[in-house]
Amino acid sequence: MGTTVQRFAFRNRPRIWLTILVVAVLAGVAVIVWVNRSPQARRPEATSVGGKFRVSERLDSTPAPAWTLRAADLSGEPGAVLLAAPQNLDSYFGYGAPMDAGTTIVAATAVPGPPISDQSTGRTVGPARLHGIDPNTGKLRWSTDVGELHGCRETVFDGQLACYGAHRVLIVDAANGAILGDHPADFEVMDVAVRDGVVTVTGRTADWMTAVVTRGTATDIAASWRRTYPTPNPGVPVLPRIDSSAHDYFRVGRDNNVGVYDLRTGDLLFTAPVGYLFDGGIIATQVVAGSGSAGKVTLLDRTGHTITEVANPGYLVDWYPSATAAPLPILTGESAYDRTTGRLLWTNPLIGMNDTAGRTIAIRGIVNDSVIVRSLDAATLTGIDLTDGHQLWQQPMPFEHASRYSHIDGVTDGVHLILTDGTTVQAVDAADGSTAWSMLLPPSGDPRLATTVRAMGGRMLTVTATEFTGYAAA
């Protein structure tokens, strides 16, 4: 998932503010209730129906490795390597990774060019080959030669891979590897998205000063319309993009001059210093006054009208494991907001943390009704009630050598938040914060990298520099 754990300053918990609580309840606003529930006082388990970075099977005990794949298991080309899908399909940096395509895991292989001294730029690679893998068995379902590509979009909808080269758009069926569309483009392609049978392509002209956006189908990428947008920042190259979290908008511009456009029509909605677009339709602006501050964050509706200003705002992040039955709110600053209306739901300062670069999110994951956050020094994990923001539990951090600089990412099975620091995996029960199980990770094989844990095809995977392994419930 790639989220980076930030350094932050931990606030001492306040006493119960009874007077404030009474006033706020009378005002109809949910506020902080500082209640520490005993780990033994478990709530009934809810049924999680949606979320991100989600494993389909419940992992109540240490899972067992079921299969392992390397480049040689996928490709018969001599010297082929595993590429870092989906972003880096035109270069090889010494490591690789597969991507999640719903019911299929997709990996990419290619033969790299000769080694180079500058590892920051990567070795060029020849034509790529995509491989569809059964997540339950690790068996190869299909392989398709796709030629030279820059990358593919990380989020896959409707089982269709949206990929692109410098002047090319490629749509691939993830179920069988069939090429649904392969189109040349007379502009530099920068992004492609597919959803509900509609293909959106963004790019720019050769001088980089005009954005090009098309809307169509896999067989005709401009069937609905094609439009151009001059750079709103004179002399600055244009960077049009379709946000991965929002599928109703695209953006053109940067800094304080970002145009937000309707993805269906291509029409301008408004211009503002837009920082993030949430998948419920809410748009957030962010104005950073200087270093060491996250600046000012305001939530807007799709017309650009202000809904609310975020109290004690942080840098905007909405990319952590989640598994909930109820709609997930927007969690930013110190508060939770309704994802479609922007209405304030509750406030708890523990969901944010102060980094030297400014305030950012402290959330490690959301599982059922528990928002799980970490402390400044990574000494504790705390569970916060998703419905009203009060504290449920607090437990010691399960990683032995965790510090404020530790990178802790994870996945969820709908009951546990499964975290890793690159050395071990710890499964935290979201109901009470207890550790359900732990295991050592295989070494990454590259001193620059830590082994990662991913959720792909509903399966928990460990990914090293050169191979990936699927796990199953023991």
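Taking a ≥ b ≥ c as the square roots of the Cα gyration tensor eigenvalues, with a/c under 1.5 meaning rounded and otherwise prolate when a/b beats b/c, else oblate, which class fits region 164-230?
On the way: a/c = 2.59, a/b = 1.73, b/c = 1.50.
Prolate, because a/c is 1.5 or more and a/b exceeds b/c.
Could you tell me what percent of the accessible area of the chain is made up of carbon and sulfur, with a 1.4 Å probe and every protein chain present?
Details: 10570 of 19810 Å².
Here carbon and sulfur together make up 53 percent of the probe-accessible area.
Please list 429-442, 124-137 highest first by mean number of surrounding beta-carbon atoms within 10 Å per residue.
Packing proxy ranking, top to bottom: 124-137, 429-442.
With Cα extents along the principal axes in Å in mind, check [x] 71, 53, 47; [y] 57, 54, 43; [z] 66, 52, 41 and report the label derived from this structure.
So the structure-derived entry is [z].
For T306 and A474, compute 0.36 nm times the residue count separating them, minus their Cα-Cα distance, and round to one decimal in nm.
Extra length from T306 to A474 when fully extended: 55.4 nm.
For the chain, report the accessible area per residue in Å² (1.4 Å probe, heavy atoms, rounded to an integer).
Numbers: 19810 Å² over 474 residues.
Ligands and nucleic acids excluded, the figure is 42 Å² per residue.
Among 405-412, 384-391, 261-268, how do they line up by average Cβ neighbours within 10 Å per residue, starting with the highest?
Working: 405-412: 21.5, 384-391: 19.9, 261-268: 14.9.
With the highest mean Cβ count within 10 Å placed first, the list reads 405-412, 384-391, 261-268.
Using a Förster distance of 35 angstrom, determine the FRET efficiency expected from the C-beta separation of R448 and A64, and round it to 0.05.
The pair R448/A64 has a calculated efficiency of 0.75.
Working out 0.36 nm times the residue gap between E154 and T103, then minus their Cα-Cα distance, what length gain in nm do you get to one decimal? Numbers along the way, then the final one.
On the way: separation 51, 0.36 × 51 = 18.36 nm, distance 1.46 nm.
Computed gain between E154 and T103 is 16.9 nm.
What does the accessible area of K139 come to, in Å² to the nearest 10, when a probe of 1.4 Å is used?
Taking all protein chains as shown, K139 has close to 140 Å².
Using 0.36 nm per residue of separation minus the Cα-Cα distance, give me the extension gain between N256 and A166 in nm, one decimal. Spell out each step's value before the answer.
Working: separation 90, 0.36 × 90 = 32.40 nm, distance 2.85 nm.
Here the answer is 29.6 nm.
Return the long-range amide H neighbours of F468 (sequence gap of 5 or more, or a different chain), with a cut-off of under 5 Å between placed amide H atoms.
Residues meeting the criterion, in which the H sits 1.01 Å from N, are L69.
Can you list the HN-Hα couplings for region 211-224, worked out from phi with the Karplus curve (6.51, -1.76, 1.60; θ = phi - 60°), rounded to whole Hz and with x for Gly and Pro?
Once rounded to whole Hz, the list reads 7, 10, 10, 10, 9, x, 10, 5, 8, 8, 6, 10, 4, 8.
At a 10 angstrom cut-off on C-beta neighbours, averaged per residue, how do the peptides 73-82, 322-331, 226-235 rank from highest to lowest?
322-331, 73-82, 226-235
For the chain, what is the mean residue ellipticity at 222 nm derived from helices alone (per DSSP H run of n ≥ 4: -39500 (n - 2.57); sum divided by total residues; nearest 500 deg cm²/dmol)?
Numbers: 2 runs with 13 residues, N = 474.
One gets -500 deg cm²/dmol as the mean residue ellipticity at 222 nm.
Amide H of D409: which non-local residues (sequence gap of 5 or more, or other chain) have their own amide H closer than 5 Å, using H built in the peptide plane?
For D409, the qualifying residues are T420.
For a quick check: with amide H placed at 1.01 Å from N, whose amide H comes under 5 Å from G414's, ignoring anything fewer than 5 positions away on the same chain?
Those qualifying (amide H under 5 Å, at least 5 residues apart or on another chain) are V55.
Can you compute 3J(HN,Hα) from phi for each residue in region 265-281, using the Karplus curve 6.51 cos²θ - 1.76 cosθ + 1.60 with θ = phi - 60°, rounded to whole Hz and x for Gly and Pro?
Those phi angles translate into 10, x, 7, 5, 8, 5, 10, 6, x, 6, x, 7, 10, 8, 6, x, x Hz.
The values are calculated or read from the model by the stated rules, or taken from the named source; none is laboratory data. Since this is a predicted model, take the numbers as computed values, not measurements. A quick note on method: Cβ atoms are made from the backbone with ideal geometry, for glycine too, and the neighbour counts reach across all protein chains shown. Note: accessible area is taken over every heavy atom of the protein model, side chains too, but ligands, DNA and RNA are not part of it. Shrake-Rupley method; radii C 1.70, N 1.55, O 1.52, S 1.80 Å.
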